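Before any comments, here is the structure.
The values are calculated or read from the model by the stated rules, or taken from the named source; none is laboratory data. Worth saying up front: this structure is predicted, and the values here are computed from it rather than measured. Positions of Cβ are generated from backbone atoms using ideal geometry, with glycine treated the same way; all protein chains shown enter the neighbour counts. Protein only, heavy atoms only, side chains kept; ligands, DNA and RNA dropped before computing areas. Shrake-Rupley method; radii C 1.70, N 1.55, O 1.52, S 1.80 Å.
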Amino acid sequence: MDRALPAELFGSGIVAAPLAGGPSRPQLAEAVSRAGGLGFIAAGYKAADAFARELEAMAATGLAFGVNLFVPKAEEYDREAILAYRERLRPLADQLAVDLPEPRWADDDGYPAKLALLLESPPGVVSFTFALPPADDVARLRARGVFTVQTVTKADEAKAAQELGVDAVVVQHPGAGGHSGAFLSGTTPAPAGQTLAELVAQVSAAVGLPLLAAGGIGTPADALTARDAGDSGVQLGTVFLRTPEAGTNPVHRAALGDPAFERTAQTRAFSGKSARGLENRFMRDFADAPSGYPVIHYLTAPLRAAAVAAGDAHGTNLWAGTGWRFARDEPAADVVARFAG
Ligand SMILES: Cc1cc2nc3c(=O)[nH]c(=O)nc-3n(C[C@H](O)[C@H](O)[C@H](O)COP(=O)(O)O)c2cc1C
């Protein structure tokens with residue numbers, strides 16, 4: 001069984017996670033790949049033409065890099081629950097003087113257009129999250145020489161990804177910042193309190209693929225423990241959010257360094273899908289928000305934009321993993337060097 005990640009792509013085995021919503025701009029991906037890690041750009045939430053420009057900018061560097069795709073999933077929405085949530089958000093919208101959009105019941109992430117761009121101009125690595133892509137998409141990318149990766153959160157998902165034919169898996173622990181990539185419900189949940197190293201060991205026993213450990217890694221010691229458990233690389237997200245190369249919005253950036261925020265928690269309030277962020281007022285006020293991704297993502301988008309414009313850290317999503325206290329304002333190359341040891 002070969003667990004090795006190809007060094008020509010993954011360098012020292014330190015991957016800067018795809019961070020959709022702004023942080024993962026080409027400057028960050030380029031700085032990480034130049035420093036001997038693997039930088040990623042994130043196609044999620046991005047129009048296909050804007051994504052095409054980022055892809056072109058990265059290809060022009062001549063460096064290895066990765067691209068992450070959100071895989072659309074046919075969801076059944078509880079329309080009544082989402083419409084009731086919209087009514088609960090209305091007073092806040094009135095206060096901020098924004099219109100709450102009509103719910104968009106479709107997933108219009110533009111996945112087919114983005115996949116076509118990747119087949120035309122293939123990067124070294126493509127990773128998928130939120131669902132398994134069609135097997136044919138994986139096969140076509142691999143035929144173009146792309147190394148394919150699936151995000152999984154438990155052993156059953158890793159087995160399904162292996163059957164699909166991907167080259168590696170990201171093993172994402174619930175301590176991860178941002179959205180969970182879980183896609184199999186109804187299977188055994190991870191035991192409460194399971195560490196990242198324990199999860200990695202479990203996945204490593206279940207599949208014969210190279211692994212990337214992710215979720216809650218704040219220090220090089222955390223990374224080492226996780227790597228040892230599965231002979232794996234690591235994918236780090238939150239520790240890059242305050243680097244100058246990241247496109248993290250100023251409100252999010254400041255909150256990550258603000259001692260007034262005391263903990264992270266998982267919430268569906270912003271997007272309708274479970275994601276981890278610094279616990280703020282919006283999360284507390286709407287702790288019982290319904291599920292319904294990406295309908296709720298689009299519904300709350302104007303509220304979040306208005307909060308960012310007003311500099312209000314309590315009205316927007318502040319995605320962060322449990323290791324957020326270790327995110328510093330330092331060049332991305334220094335983060336890579338620190339974790340490469
Ligand atoms: C701001 C933010 C945006 C994210 N966007 C994506 C994304 O677009 N695609 C993806 O697969 N994962 C995304 N993630 C999850 C990361 O890939 C990764 O699992 C996570 O950052 C690892 O945990 P850590 O943040 O504790 O290091 C995001 C995480 C954050 C914090």
> When the distances between all Cα atoms of the range 44-156 are binned every 10 Å from zero, what whole-number percent does each bin get?
Replying inline: 12, 34, 26, 19, 9, 0
>> What does the charge count around Asp228 come to, taking other residues whose C-beta lies under 13 Å from its C-beta (Lys +1, Arg +1, Asp -1, Glu -1)?
In response: -1
> Over the range 98-231, with a single point scatterer placed on each C-alpha, what log10 of the ratio I(q)/I(0) does the Debye formula yield at q = 0.20, 0.22, 0.23 1/Å?
Replying inline: -1.15, -1.28, -1.35
> Taking Cα atoms, how many degrees apart are the long axis of helix 196-206 and the longest axis of the chain, rounded to 10 and kept between 0 and 90?
Replying inline: 60
>> Using a 7 Å offset from the Cα along the Cα-to-Cβ direction at both Leu224 and Ala333, what is the distance between the two label points in nm, to one decimal?
In response: 2.5
>> So, taking all protein chains as they sit and a 1.4 Å probe, how much accessible area belongs to Asp312, in Å² rounded to tens?
In response: 50
>> Before I look further, what does the range 22-124 give for accessible area per residue, probe 1.4 Å, in whole square angstrom?
In response: 48
> If exposed GluC sites (Glu not before Pro) are those in a DSSP loop with at most 11 other Cβ within 10 Å, what is the longest stretch of the chain that has none?
Replying inline: 77-261
> Hey, if we sort Asp99, Asp136 by accessible area with the 1.4 Å probe, largest down, what's the order?
Replying inline: Asp99, Asp136
> What is the sum of charges around Val152, taking Lys and Arg as +1, Asp and Glu as -1, for the other residues whose C-beta is under 14 Å from the C-beta of Val152?
Replying inline: -2
>> What are the equivalent ellipsoid semi-axes of the range 161-263, built from the alpha-carbon gyration tensor (square roots of five times its eigenvalues), in whole angstrom, biggest first?
In response: 27, 15, 14
> With the radius of gyration and the Kirkwood radius both derived from the Cα set of the chain, what is their ratio Rg to Rh?
Replying inline: 0.94
>> Can you tally the net charge around Ser180? Count Lys and Arg as +1, Asp and Glu as -1, for every other residue whose Cβ sits under 12 Å from the Cβ of Ser180.
In response: +3
> In degrees from 0 to 90, rounded to the nearest 10, what is the angle of the helix 48-61 Cα long axis to the longest principal axis of the chain?
Replying inline: 40
> Which percent of the accessible area of the chain is formed by carbon and sulfur heavy atoms (probe 1.4 angstrom)?
Replying inline: 52
> Relative to the longest principal Cα axis of the chain, at what angle does helix 79-96 sit, 0 to 90 degrees, rounded to 10?
Replying inline: 70
>> Can you list residues from other chains, or at least 5 along the same chain, whose modelled amide H is less than 5 Å from the amide H of Asp109?
In response: none
>> If you take every DSSP beta bridge fully contained in the chain, what fraction is antiparallel? Give it as a percent rounded to 5.
In response: 20
> For the range 111-174, what is the convex hull (Cα atoms) projected area averaged across all directions, in square nanometres?
Replying inline: 4.1
> Which value in nm describes the separation of the simple spin-label points at Ala254 and Ala7, placed 7 Å from the Cα toward the beta carbon?
Replying inline: 4.6
> More than 20 Å apart: what percent of Cα pairs in the range 224-281 qualify?
Replying inline: 44
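Quick one: putting +1 on the C-beta of Lys and Arg, -1 on the C-beta of Asp and Glu, what dipole do you get for the range 244-341 around its Cα centre, in Debye to the nearest 20?
240
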> Rg and Dmax of the range 183-341, using alpha carbons, in Å: what are they?
Replying inline: 17.0, 49
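Can you pull a Stokes-Einstein diffusion coefficient for the range 45-111 at 10 °C (1.306 mPa s), Rh from Kirkwood over Cα pairs, as a whole number of µm²/s?
Here the translational diffusion coefficient equals 103 µm²/s.
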